[in-house]
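Written below as structure tokens is the structure these notes are about.
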Amino acid sequence: MKVLFVFYVPGGGVETLNRQRWKALKKAGITSHFLYMREGSGMKNVKNMTVFITNHNQRIKDILTKHQYDAVVICSDHTFIQRLKSMGYKGKIIYEIQGLGGYKQARRWLTNARSILLHHADAMMFPETPHIVQLTKTILPEKKTFIFNNCLDTESFTYRPLPPPKCPVISWVGRLEKNKNWRYFLRICKGLIQKQRDMKIWMFIDDQLSPEKEDFLKMIKGLKLQSNLTLYTNIPHEQMPDYYSMTGDSGGFLCSTSLSEGSPYCVQEAMSCKCPVLATDSDGVQIFITHNVTGKLVPDDKPLHAIQEGQELLTNQTLRKKIITRAHRLVQTKFSLDQYGRQFKMMLKQL
């Protein structure tokens, strides 16, 4: 079987997902190719995979004709389904829901997509994100649906013993834009530094997808965090286990502050590298975190409460060790490549 995955740009969580499931599907005997409509920073991570970069109909039609895909998986962009049909594609069309934002935004998006999905998509697929599960049952109850979580290669993306910094590190991964709630993260860091002055902040951003960088730099200066902050831009994905591992071993944690997430890869990745996570309760993060069991969940608008929970994660070593152990076990068992490959193969057979 041969499948084409389509997305806007090689960047963010979907680009990571595509590389991970390429491995999973290869193990399951499925050939997967990837089509992005424009260039992106994630191309630096691509190795061995077949990737096309084009948004021209004739070029896309040539790709479809040459490779004769059994199925095309279109992530987020429901309008592409009509383009695909106009090119004469006769195989199965699967609409994948990733990264549609919070409940209201996702509801608007799926409501607008309803007619196209109802008449032209053979099925939908998405992770076990609570608000997406609820919305699809309400808006598209008649559409065939497959729910399974995103995978991670926990054999290669795993803990690496390295010399950690001498003081705790609080790490953050994302784009400098509203939904990632970076302002909230900086306020949490400021509060923790006031309690424990010797602390580092590591922020990993995508420079090409960070529209609020100028505001960010102003806030850093206003909070006087310059001496604590190290800003990393477009770090190759294969190097990220080093940073997650050092963050965990420093006595620090990953802080994920999004207002809404579907299935945040940074949380999953940190857990695989034995780095504890404090996250805002952004719906999809519930796939990974049970409060004080596999991580810590906090509201997205109560910095004093988040600072208190962060301080406990820094100082309560008994709880910290339990969280790290349980989270590591969860990622290894529930989000494996083998499980993803089996579920995807079963979906194709049913279709």
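The values are calculated or read from the model by the stated rules, or taken from the named source; none is laboratory data. Note that this is a predicted model, so its numbers are computed, not measured. For neighbour counting, all protein chains shown are included, and Cβ atoms are generated from backbone atoms with ideal geometry for every residue, glycine included. Surface areas here come from the heavy atoms of the whole protein model, side chains and all, with no ligands, DNA or RNA. Shrake-Rupley method; radii C 1.70, N 1.55, O 1.52, S 1.80 Å.
Points worth noting:
- Here LYS85, LYS104 are screened, and the one residue that is open to solvent by 10 Å² or more (accessible area, probe 1.4 Å), among the basic types (Lys, Arg) and farther than 24 Å from GLY174 by Cβ is LYS85.
- Meeting the requirement of 3 or more residues that are out of contact with any helix residue (DSSP H, G or I) (no Cβ under 7 Å at 6 or more places or on another chain) and buried (at least 16 other Cβ atoms within 10 Å of the Cβ), the helices (runs of 4 or more DSSP H) wholly within the range 217-316 are 240-249.
- Pick from the range 51-81, criterion exposed (fewer than 15 other Cβ atoms within 10 Å of the Cβ) and among the hydroxyl-bearing types (Ser, Thr, Tyr), ranking: nearest to TRP22 (Cα to Cα): THR54
- Against the numbered list (1) open to solvent by 20 Å² or more (accessible area, probe 1.4 Å); (2) at pLDDT below 95; (3) of a type outside the set (Phe, Trp, Tyr); (4) part of a helix (DSSP H, G or I), LYS26 comes up short only at (2).
- Residue among THR290, THR247, THR280, THR257 that is farther than 25 Å from ALA106 by Cβ and of a type outside the set (Lys, Arg): THR247
- Options ILE205, ILE170; residue that is at pLDDT 95 or above, closer than 30 Å to TYR103 by Cα, surrounded by 18 or more Cβ atoms within 10 Å (Cβ to Cβ) and within 23 Å of the chain's Cα centre (by Cα): ILE170
- Residue satisfying all of: in the range 29-45; touching a helix residue (DSSP H, G or I) at 6+ places or on another chain (Cβ under 8 Å) and farther than 21 Å from LEU64 by Cβ; most open to solvent (accessible area, probe 1.4 Å) among these: GLY29
- The one condition in (1) assigned to a loop (DSSP other than H, G, I, E, B); (2) over 28 Å from THR54 (Cβ atoms) that GLY101 fails to fulfil: (2)
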